[in-house]
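Chemist: For reference, the structure I am asking about is given below.
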Amino acid sequence: MSERIIFNYLLLAWFILAIVTFVILSYRAAPYGRHFRAGWGPAVNNKLGWVVMEAVSPLVFAACFVLGSRTESITALVFLAMWQFHYLHRAFIYPLGLRDSGRRMPVVVMATAILFNAINAYLNGRYLFTFSGGYGSEWLSDKRFIAGVGLFIIGFSINRIADQVLRTLRQPGESSYKISHHRLYRWVSSPNYLGEIVTWLGWALATWSLPGLAFAVWTMANLVPRARAHHAWYHRYFPDYPPERKALLPKLW
């Protein structure tokens, strides 16, 4: 069986597994962060867990570029830069800025994330740099690419602003949760998740690929239920939580 056939089966399974994950997470939040629960086995420092599990993605994607046969165009370099820009920040800058002293992440969660990031980076990188047939420089002027990159930048910016607002809520050494009333937090409980979803919807549009779409579907399957769980958590632990604030989409949901 050729790698391309295996790739196609894996991609199909990836879509199906995303739907299954959405159903599971709709009933039970993943046990890390504020939803950490005992009984999930050994745990590691939260910052260490973030670095280890997220670093896999830029490494695998870079390997796909190095080993790829369709990497000669400027468009391939732009896709590489977009992915690495996001994940180098996610793996090394974001976790080191967390003010969550003492928080733990179950090893099983970290291992699951490592597996996800490896497969996801392989599907996207292998398709873009080998199986796609290549993207010519003319793709840079295509409306789908331009709109997708615009969404990618907007989503990344929303995510960064939201993370910065959360970070400034705590003083160094503090780990308690607080309510923010700044920027997009005035309207939704999880603007950082909204930004992440917009980012990968932009990626799916810019690459116009099934692996890109699968990543966007996975992002929503993971973060839509988590945003809802966060929203319910805030209402449960903060009696004065703003009743007009939505979970993920301003004025809608």
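Chemist: Would you mind checking the range 85-126 for residues with the amide N under 15 Å from a putative spin-label position 7 Å along Cα→C-beta of S69?
Modeler: 126
Chemist: While we're on this one: Normalising by the residue count of the chain, find the relative contact order in percent from Cα pairs under 8 Å and 6+ residues apart.
Modeler: Worked out over the chain, it gives 23 percent.
Chemist: May I ask you to derive the relative contact order of the range 48-98, considering only C-alpha pairs under 8 Å and at least 6 residues apart, and to give it as an integer percent?
Modeler: With pairs under 8 Å counted, the relative contact order is 59 percent.
Chemist: What Kirkwood hydrodynamic radius do you get for the range 177-253 when you take the inverse of the mean 1/r over all pairs of distinct Cα atoms, in Å?
Modeler: 13.2
Chemist: Here's something else I'd like to know. Return the FRET efficiency for the residue pair S26, R236: r is the Cβ-Cβ distance, R0 is 25 Å, and the value is rounded to the nearest 0.05.
Modeler: 0.90
Chemist: Still on this structure, I have one more. How many angstrom lie between the Cα centre of the range 216-253 and the Cα centre of the range 67-111?
Modeler: One Cα centre to the other: 25 Å.
Chemist: Right, here's the next one. Cα axis of helix 191-207 to longest principal axis of the chain: angle in degrees, 0 to 90, nearest 10?
Modeler: Here the helix axis deviates by roughly 10 degrees.
Chemist: Taking amide H positions as placed in the peptide plane 1.01 Å from N, state which residues far from A43 in sequence (5 or more) or on other chains have amide H under 5 Å from it.
Modeler: Those lying under 5 Å, H to H, from A43 are V107.
Chemist: What 222 nm value per residue comes from the helices of the chain, counting each DSSP H run with n ≥ 4 as -39,500 (n - 2.57) and dividing by all residues, nearest 500 deg cm²/dmol?
Modeler: Computed mean residue ellipticity for the chain: -21000 deg cm²/dmol.
Chemist: Compute the acute angle (0 to 90°) between the alpha-carbon long axis of helix 74-88 and the principal axis of greatest extent of the alpha-carbon atoms of the chain; round to the nearest 10°.
Modeler: Taking the Cα atoms of the chain, the angle to 74-88 is about 20 degrees.
Chemist: Relative to the longest principal axis of the chain, what angle (0 to 90°, nearest 10) does the C-alpha long axis of helix 46-67 take?
Modeler: Approximately 10 degrees, to the nearest 10.
Chemist: What Kirkwood hydrodynamic radius, in Å, does the range 3-237 give when the mean of 1/r is taken over all pairs of distinct Cα atoms and then inverted?
Modeler: 18.6 Å is the Kirkwood radius here.
Chemist: Show the residues, 5+ positions off or on another chain, whose built amide H is closer than 5 Å to the amide H of V188.
Modeler: Under 5 Å from the amide H of V188: K246.
Bear in mind that the values in this text are calculations on the coordinates, not laboratory data. Note that the structure is a prediction, hence the values are computed from the model and not measured. Cβ: placed from backbone, ideal geometry, glycine included. Neighbour counts: every protein chain shown.
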